[in-house]
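The values are calculated or read from the model by the stated rules, or taken from the named source; none is laboratory data. Keep in mind that what you see is a predicted model, and the values were worked out from it rather than measured. Note that we place each Cβ from the backbone using ideal geometry, even for glycine, and neighbour counts take in every protein chain shown. Side chains are part of the model used for accessible areas, which takes the heavy atoms of the whole protein and leaves out ligands, DNA and RNA. Shrake-Rupley method; radii C 1.70, N 1.55, O 1.52, S 1.80 Å.
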Amino acid sequence: MRSSNPVFSRRGFSRDNGYAGFNTAAQAGYAQGSPYAQNPYATNPYAQQGTQYGAPPQAPATTDRMTMDDVVVRSALTLGTVAVGAVLAWALLPVSATSYGLAFGAAIIAMVLALVQSFKRTPSPALILGYAAFEGVFLGVISEMYNSQWNGAPFQAVLGTMAVTAATLLVYKAGWIRVTARYARVGMAIAIAFVLVMAVNLLLVAFGVAENGGLRSFGPLGAIVGIIAILLGAFFLTLDFKQIEDGIAYGAPRNESWLAAFGLTLTLVWIYVEMLRLVAIFSSND
């Protein structure tokens with residue numbers, strides 16, 4: 001399935017292998033009454049030749065298939081690169097106008113690399129790790145900036161990000177949230193509306209129409225917007241979890257685990273940044 005992010009529009013597993021889209025029961029070829037008739041993720045793009053297209057998941061015919069271990073290792077490597085970049089930036093770039101400029105430049109490069117990867121037919125570890133490194137530099141600088149004004153804010157943001165991730169995984173594995181086509185469509189509509197509103201707010205602030213950050217102020221309204229942004233991050237985590245689960249079940253190629261790691265990293269960075277702002281807002285109001 002395609003999992004998108006409110007910061008970067010990313011595709012799901014490589015479009016060459018057909019692992020994208022929400023297929024209806026009719027498209028999957030299921031008869032009415034079939035237990036898979038209501039499953040929007042039923043079609044198996046990796047079905048071996050000679051088997052029924054759209055059949056339920058079967059054991060992979062080869063060993064060159066994505067496993068949970070692959071996803072864990074690639075995710076750890078990608079997130080580890082972000083962490084190393086952040087630590088180095090924090091240690092080597094003291095808070096100054098120069099470091100802010102470098103952080104902005106790193107963020108632009110990270111965005112470009114992420115967009116290039118999003119439109120590539122196959123995952124590129126070099127692009128993904130390059131994105132992680134530059135994103136880490138950006139996060140290190142802004143984290144140091146927040147820490148200089150609100151001591152301990154980055155540490156609290158990390159704990160908050162971990163808590164949101166753990167809670168989302170818990171409710172997903174418990175079956176309290178079902179990632180269906182309708183769920184994804186509604187969530188994506190809300191996310192797109194949120195991004196558009198934030199873009200308009202940014203323009204209003206830039207032209208002096210809205211003061212003190214507008215909707216992104218460090219007041220109660222800013223806190224509400226931040227909470228909404230974190231909830232959207234949790235929504236995208238559920239899409240990422242479903243993407244990984246289906247990829248493993250349907251025997252996605254092993255290199256697709258890089259896309260899973262890429263998607264998780266994008267979402268976790270989004271949650272961390274919003275959590276950092278939220279911690280600062282609550283600290284300011286103490």
Search result, residues across the stretch 180-201 that are over 26 Å from D240 (Cβ atoms) and in contact (Cβ under 8 Å) with a residue 12 or more places away in the chain: N201
Top-ranked residue of the stretch 92-103 - restricted to ones that are part of a helix (DSSP H, G or I) and touching a residue at least 24 places away in the same chain (Cβ under 8 Å), ranked as surrounded by the most Cβ atoms within 10 Å (Cβ to Cβ): A103
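Assigned to a helix (DSSP H, G or I), modelled with pLDDT of 95 or more and either of a type outside the set (A, V, I, L, M, F, W, C) or open to solvent by 10 Å² or more (accessible area, probe 1.4 Å) (or both), is that true of L268? Working first, answer last.
Working: assigned to a helix (DSSP H, G or I): yes; modelled with pLDDT of 95 or more: yes; either of a type outside the set (A, V, I, L, M, F, W, C) or open to solvent by 10 Å² or more (accessible area, probe 1.4 Å) (or both): yes.
Yes, satisfied.
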Single unsatisfied condition, I142 versus (1) among the hydrophobic types (A, V, I, L, M, F, W, C); (2) in a helix (DSSP H, G or I); (3) open to solvent by 50 Å² or more (accessible area, probe 1.4 Å): (3)
Sole exception among (1) among the acidic types (D, E); (2) open to solvent by 50 Å² or more (accessible area, probe 1.4 Å); (3) part of a helix (DSSP H, G or I) for E211, by number: (3)
Residues located in the stretch 262-286, provided they are over 9 Å from the mean Cα position of the chain (by Cα) and among the aliphatic types (A, V, I, L, M): V273, M275, L276, L278, V279, A280, I281
Where a residue in the stretch 142-160 is farther than 10 Å from Y272 by Cα and its partner, wherever it lies, is assigned to a loop (DSSP other than H, G, I, E, B), with Cβ under 7 Å and at least six apart: E144/V95; M145/V95; S148/V95
Residue in the stretch 168-188 that is open to solvent by less than 50 Å² (accessible area, probe 1.4 Å), part of a helix (DSSP H, G or I), under 30 Å from W90 (Cβ atoms) and of a type outside the set (D, E, K, R) present: yes
Where L204 falls short, out of the listed (1) part of a helix (DSSP H, G or I); (2) surrounded by 16 or more Cβ atoms within 10 Å (Cβ to Cβ): (2)
Among the candidates I128, I109, residue that is open to solvent by 50 Å² or more (accessible area, probe 1.4 Å), among the β-branched types (V, I, T) and touching a Phe, Trp or Tyr at 6+ places or on another chain (Cβ under 8 Å): I109
